[in-house]
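The values are calculated or read from the model by the stated rules, or taken from the named source; none is laboratory data. Note that the structure is a prediction, hence the values are computed from the model and not measured. Every residue, glycine among them, receives a Cβ derived from its backbone with ideal geometry; neighbour counts consider all protein chains shown.
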Amino acid sequence: MLGLDVEAKLAEGSAVEVFLARSGSDRVVVQVSRPELADDMELYARFLDATRRTRSLKHPGLVTIEHVHCAADGRFVVISEPVEGETASDFVRRHGPLSSERAMLWGTSLCEAIQFLHDHGLVHGCLSPDHVFPEQNGTAVRLLDTALMLFRDVRSLPVPKSRVLVEPQYLAPERVAGKRATSASDIYGLGVLLFELLTGQPPFVDDREGVTRQMHVVAPIPRMPPHLAAWDDVFDRALAKDPADRFGSMVAFRQALLELDARVTRAESVSPIVRGAPIPEGTQPGVVPRGDVEQVGSWIVQRTLGEGGMGRVVEAVHATLNRRAAIKILHPQLTNRPDQVQRFIQEAQAISRLDHPHIVKVFDLVTAPGQVAFVMEHLEGESLKALARTRPLELRRAVRLMIQAAEALVAAHRIGVIHRDIKPDNLFVVTGPTETLKVLDFGVARVRTPQNEVSRLTQVGQVVGTPLWMAPEQVLGRDVDERADLYALATVLYTLLARRFPFEGAAMGDVVMQRLAGEARPIGEATFLGERIPVMLQRLLATCLARDVGKRPASAQVLVDALTAVERSFDVPLDEDDPTPSGRWSLFRRR
């Protein structure tokens, strides 16, 4: 097969079979589409689209697709980048169950990779040890994305009853009941995987397949042996029968593992940073411990505020000045990746250039062997996501906050910075005499140099950002300009007012795909709270959410002017016969 020597069959799915093969001196993972897929041209075309989307997803914790080849019989052969060749199953067979330390290290890495898939509308669905590949003597792991193996489409590929797509010991209770996998199912699946890596067998298993399935639904969660008893709380959340009782996301799961690591470490009087992260050989860890106190440079960490794909944000106090700040710390396992370090530093440099009242300020950049972090102003308040979750926002308040966000984008775009990840999580509302909005997290920003060349820290075709808020061209992995940020901000405003997305869909992936196929639903005449939405604002949202980039406002300044006009209109009743007074829409001229 294409000059590859097949060594072992790893798995089989509805659409592909998966093999471990040797290519010269390297081992690779090979996925070969089933012959019956080529018989249905419509389904075949959708599979090719899925292949393209999967190929564009690149993350240090995922096994990346490098080559796609079409065989003479129409079957597709998808070949990965080189892997070590040993699966987690092989590793455990050779070395025995993982230590608690290694399981936490693998678990946090897997959480990041799976959250990356969830952020792009994908559910893994088959978290088996055969799909995890340890590397660097077991200090790092990569996960095989099963989006192609478990190809899910509007119409399913016929699967013979004899073909087992997911072994029963790796099914979540809701999947046993016949429901499709969700992100909550992956949380359960990762719990099963970590339980098996720690103990040598899954939590629910029997020689009879039907009994194993039933155990997921009714059997109590097994208790861990005494030396692993600290894990019980984690498994109680991860393996809860009701998806609503599990961790809310892989970010929360990862945080629980970090807190577990800290508890275990305090008990052993060993620094969690030294134990929990792979430090490049010959260097010292960048986060310096003082007993059980974590310190970044001169800053003493108080608590973790949030986690992301690139790093975590902590609240810290200066050791001598008693000044409070927020610090974003690059994940230790990424500090030996020049591309990730460069992107992280670029974020700090981009924000430091943006001295604007509606953009978080950066004070300092800290670099040391094994460590990269930058220090930001400490903000009191909550994210727009948290604020809107408490209760719907009134129309005037929502528009006022969006004007501030748009003003921040004007400043960013003026110096060539495109945010590319505008969403409620990255819009922070500061409490005080007056509400002030701050734009956060320029981690996936695109920066243009003074020579107007784009600084490319992502590969062409790679999707960055959060798909649920992305413009269509960004979902497709195309190069984007400032109008992608305007689309995302309009999506935020639409959602704040209507308490629904501009596109319908039963799942996040459906919502994302709908924006590629058609125009957004009109927001309607009233907000969720029943307030009348001015016709001018209805049209503004429709224009900002246009699938055709050329139909959107030409710049963020145009959007600021239009929203300001909307805000002024709240105090000036509109003539019902002429809801858009003369000259108002001239705001859409480029400035």
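Looking at 420, 448, 414, just one residue is of a type in the set (Lys, Arg) and either at pLDDT below 80 or in contact with a Leu (Cβ under 6 Å, 6 or more places away or on another chain) (or both), and that residue is 448.
Here is a yes/no grid of residues against (1) out of contact with any helix residue (DSSP H, G or I) (no Cβ under 8 Å at 6 or more places or on another chain); (2) among the charged types (D, E, K, R); (3) in the same structural domain as residue 412 (by TED's automatic domain parsing):
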site: 351; (1), (2), (3): yes, no, no
site: 355; (1), (2), (3): yes, yes, no
site: 362; (1), (2), (3): no, no, no
site: 366; (1), (2), (3): yes, no, no
site: 386; (1), (2), (3): yes, no, yes
site: 391; (1), (2), (3): yes, yes, yes
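Just one of the listed residues (472, 433) is under 28 Å from residue 62 (Cβ atoms) and either modelled with pLDDT of 50 or more or crowded, with 18+ Cβ neighbours inside 10 Å (or both), namely 472. Filtered by the rule that a residue be surrounded by fewer than 19 Cβ atoms within 10 Å (Cβ to Cβ), touching a Lys or Arg at 6+ places or on another chain (Cβ under 9 Å), at pLDDT 75 or above and not β-branched (Val, Ile, Thr), the stretch 3-34 gives 4, 5, 7, 17. Taken over the stretch 333-390, the criterion of being surrounded by 15 or more Cβ atoms within 10 Å (Cβ to Cβ) and small (Gly, Ala, Ser) is satisfied by 348, 350, 352, 368, 370, 373, 381, 383, 388.
Okay, residues lined up against (1) modelled with pLDDT under 80; (2) assigned to a loop (DSSP other than H, G, I, E, B); (3) closer than 20 Å to residue 255 by Cβ; (4) not charged (D, E, K, R):
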{"site": "273", "(1), (2), (3), (4)": "yes, no, yes, yes"}
{"site": "279", "(1), (2), (3), (4)": "yes, yes, no, yes"}
{"site": "302", "(1), (2), (3), (4)": "no, no, yes, yes"}
{"site": "314", "(1), (2), (3), (4)": "no, no, yes, yes"}
{"site": "320", "(1), (2), (3), (4)": "no, yes, no, yes"}
{"site": "327", "(1), (2), (3), (4)": "no, no, yes, yes"}
